[in-house]
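Everything on this sheet refers to the single structure shown next.
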Amino acid sequence: MVVKILKTTDELIAYRDTLEGQVGFVPTMGALHSGHLSLIERSVMGNDHTIVSIFVNPTQFLAGEDLDKYPRKDEADIKICSIAKVDALFMPNPNDIYLSDDEIIIKAPKIFGYTLEGYFRPTHFDGVVRVVLKLLNLANPNRAYFGKKDAQQLAVIQKMVRELFMRVEIIPCDIVRDTNGLALSSRNVYLTPPQIEQALLISKSLKRASKDVMSGITDTDTIKDKILSTINVLRVEYVAIVDREFNTLEKIEVGNTIILIAAYVGTTRLIDNIWI
Ligand code: PAF
């Protein structure tokens, strides 16, 4: 099956109007890897039609971040979507998404917008909610699929959907890891082989934290210190232990805890987390 390419918002709206039955939507920034594929496969299995978008959203990048060098692999992505039986691929230009008089701004709430990712990347989540709201309005899906790797993004989007009474079900999808444990990310292409070895410390420290919890350690400062001692060769931005609403925890609550790490390996910023 050859995936239908939709370049403009008008094309997407006209196409969506032809669809009957359940529609699944997977928003991405392209450079698709097995992590994206797992979201796509869930959508294809769970819906009559699947629409994927590829849009490197400028408003969620801060000045000095990797917007210009963000990996773009349109041809390979089109092939992947065709093989995965995606019905339509929406690949708009920034001018299609952001109108010249684009003034109505939705902002991420405080706890998400200005803590952890939001603290180190202020305005990032404003850009995310802005684009995801537009994309969901355009694709008008029954379900939309997001990875747990971007845990804070997932929580912000769930909150937006709840607060704006949007009629879409947000489906959280598990993190996909390489056989060595590295969480898949489009940014992994920046890593050299020695840097991959360093990056693996992140997933190793999370796995060890989960074992520590299973062995009965519940004090979050103790868990954090152990993680920090494993990843101390990296430039760590944060190690955080929060509940599913992103409130800081003093004690691990099994079934309601996320342990998150953001750290630089060379100039590449990586994030990873584990849900406990
Ligand atoms: O997770 C991503 O790839 C992006 O943040 C998203 C959700 C596609 C919005 O640009």
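Some values worked out for this structure:
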item	result
Exposure of residue 185 as accessible area (Å², to 10), given a probe of 1.4 Å and all protein chains	20
0 to 90° range, to nearest 10: angle between helix 74-83 axis and the chain longest Cα axis	80
Diffusion constant of segment 72-143 at 20 °C, which comes from Stokes-Einstein with the Kirkwood Cα-pair radius and 1.002 mPa s, µm²/s	147
Sites residue 179 and residue 218 - FRET efficiency at Förster radius 41 Å, r taken between beta-carbons, to 0.05	0.85
Average accessible surface area per residue within segment 58-120, 1.4 Å rolling probe, Å²	62
Full-stretch length increase - residue 229, residue 4 - with 0.36 nm per residue and alpha-carbon distance subtracted	76.1 nm
Accessible surface of the chain, 1.4 Å probe, proportion on carbon and sulfur as whole %	53
Restricting segment 189-252 to GluC sites (Glu not before Pro) in coil, as DSSP defines it, with at most 16 other Cβ within 10 Å	245, 250
Per residue, in Å², the accessible surface of segment 133-173 once ligands and nucleic acids are set aside, probe 1.4 Å	44
Segment 96-238: C-alpha gyration tensor shape, a/c 1.5 cut-off, then a/b vs b/c	prolate
Segment 134-152 versus segment 1-21: alpha-carbon centroid distance in Å	17
Per DSSP, loop trypsin sites (Lys or Arg not before Pro) in segment 105-150 with at most 16 further Cβ within 10 Å	107
Value in Å of the Kirkwood radius, where the chain supplies the Cα pairs that are averaged	19.6
Cα-Cα P(r), segment 1-61, percent of pairs per 5 Å interval	4, 15, 24, 27, 19, 9, 2, 0
DSSP-defined beta bridges in the chain - what % are antiparallel, rounded to 5	50
Pairwise centroid distance, computed over Cα atoms, of segment 218-276 with segment 179-198, Å	19
Rounded tilt (10° steps) of 220-230 against the dominant C-alpha axis of the chain	90
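The values are calculated or read from the model by the stated rules, or taken from the named source; none is laboratory data. Values in this document were obtained by computation on a predicted structure and should not be read as measured data. Cβ coordinates were reconstructed from backbone atoms using ideal geometry, including for glycine residues, and neighbour counts include every protein chain displayed. Note: areas computed on protein heavy atoms with side chains; ligands, DNA, RNA excluded. Shrake-Rupley method; radii C 1.70, N 1.55, O 1.52, S 1.80 Å.
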